[in-house]
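Visitor: Attaching a single structure in structure tokens format; questions to follow.
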Amino acid sequence: MSDTTTNSSVARTLSATTGEPVEVTGARDKLGVWMIIVSCTTGTIALLVSYAYLWSLNVNGAWAPTPGHANWAPVWPFWVIFTVMFIATLIMWNGYRGLRNGKVGGMKSAALLSSLLLLAAFVGQIVQIATFPFGPADGGYASAALWLAIANAIWLFMAVFLATAIFNRTRAGRVTPENPSHARLVAMFLTYLCVAAFLGCVFTTVMQDSPNTNSPPFGTFSQ
């Protein structure tokens, strides 16, 4: 739990682990989360750029090996999973705002509900991956869509862990109105995941048939 000390008539909440003011540890934790988000963003951008690159070039006609009869993944599961993630993120932010106003019970309820929604989204993502109407070797689209879904499943697993941790730490008195930064940082990370999932939904919805019907050959050489 956090300790409180008085210095020059000003009460300051101290971190239970380092003994520093929670403002100091909170700023350090915030920097760490931003670095994690930047690191994760590079991976997300790489996946999206790969998807768009393969879609636009359609090298060897291998984006969808059977144009007009390609086994596109149904788009509605992407959007349902994103919607559940978005709702869970809103709930976490609402719990954090309530915590700042002293509503500890509201934070516990928000973290628990958010973790359950994220768990449902994770299960849904696994089911979607398992029921894709293609395998990873069935063209560029199949491989790109599969990796977008796998990446989102990994992020969702992390999100479930973090939201559950906020619930447990709030119950234990580690996340309090005087020390709410961890709840805010998890809400920030969930917001990033929503942005990444939304972009994945847009790409898989609007980028199916390749616009390049005269696909360039690759891997052959003639003199």
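Please treat every number below as a calculation from the coordinates, not as lab data. Because the structure is a prediction, the values reported are computed rather than measured. In this analysis, Cβ positions are derived from the backbone assuming ideal geometry, glycine residues included, and neighbour counts consider all displayed protein chains.
Visitor: Rounded to whole Hz and in sequence order, give me ³J(HN,Hα) for the range 73-84 from the Karplus expression 6.51 cos²θ - 1.76 cosθ + 1.60, θ = phi - 60°, writing x for Gly and Pro.
Guide: With the stated coefficients, the range 73-84 comes to 6, x, 7, 4, x, 4, 6, 5, 4, 4, 4, 4 Hz.
Visitor: Taking K and R as +1 and D and E as -1, what net charge do the other residues with C-beta under 15 Å from the C-beta of residue 112 add up to?
Guide: Details: positive: 103, 108, 169, 171; negative: none.
Counting the neighbours of residue 112, the net charge comes to +4.
Visitor: How far is it, in nm, from the label point at residue 71 to the one at residue 212 when both lie 7 Å from their Cα along the line to the Cβ?
Guide: Simple spin-label model gives 2.5 nm for this pair.
Visitor: Which of 78, 132 comes first, and how do the rest follow, when ranked by fewest Cβ neighbours within 10 Å?
Guide: 132, 78
Visitor: Mind giving me the nanometre distance, one decimal, between the label points for residue 80 and residue 178, set 7 Å out from Cα along Cα→Cβ?
Guide: Each label point is offset 7 Å from its Cα along the Cβ direction, giving 4.6 nm.
Visitor: Rank these for me by crowding, 164, 44, 170, 205, going from fewest to most other beta carbons within 10 Å. Don't skip to the end; give the middle numbers.
Guide: Details: 164 17, 44 21, 170 25, 205 13.
Fewest-to-most ranking of 164, 44, 170, 205: 205, 164, 44, 170.
Visitor: Placing +1 at every Lys and Arg Cβ and -1 at every Asp and Glu Cβ, with all other atoms neutral, what dipole size does the range 15-206 have around its Cα centre, in debye to the nearest 20?
Guide: Numbers: 10 positive and 5 negative charges, 128 e Å.
The calculated dipole for the range 15-206 is roughly 620 debye.
Visitor: Same structure, new question: Spin-label point model (7 Å from Cα, Cβ direction): what's the residue 127 to residue 157 distance in nm?
Guide: Between residue 127 and residue 157, the simple spin-label model gives 2.0 nm.
Visitor: Suppose R0 equals 35 Å. What FRET efficiency, 1/(1 + (r/R0)^6) with r the Cβ-Cβ distance, do residue 103 and residue 35 give to the nearest 0.05? Write down the numbers at each step before the final one.
Guide: Values: r = 30 Å, r/R0 = 0.87.
Efficiency, from the Cβ-Cβ distance: 0.70.
Visitor: Further question on the same structure: Taking other Cβ within 10 Å of each residue's Cβ, how do 122, 134, 161 sort, fewest first?
Guide: Listed from fewest to most nearby Cβ atoms, that is 161, 134, 122.
Visitor: In debye, nearest 20: dipole of the range 89-176 around its Cα centre with unit charges on the Cβ of K, R (+) and D, E (-)? Spell out each step's value before the answer.
Guide: Working: 7 positive and 1 negative charges, 152 e Å.
So the magnitude is around 740 debye.
Visitor: Something else now. Amide H neighbours of residue 176 under 5 Å, counting only residues 5+ apart in sequence or on other chains, H built in-plane at 1.01 Å?
Guide: HN-HN under 5 Å from residue 176: empty list.
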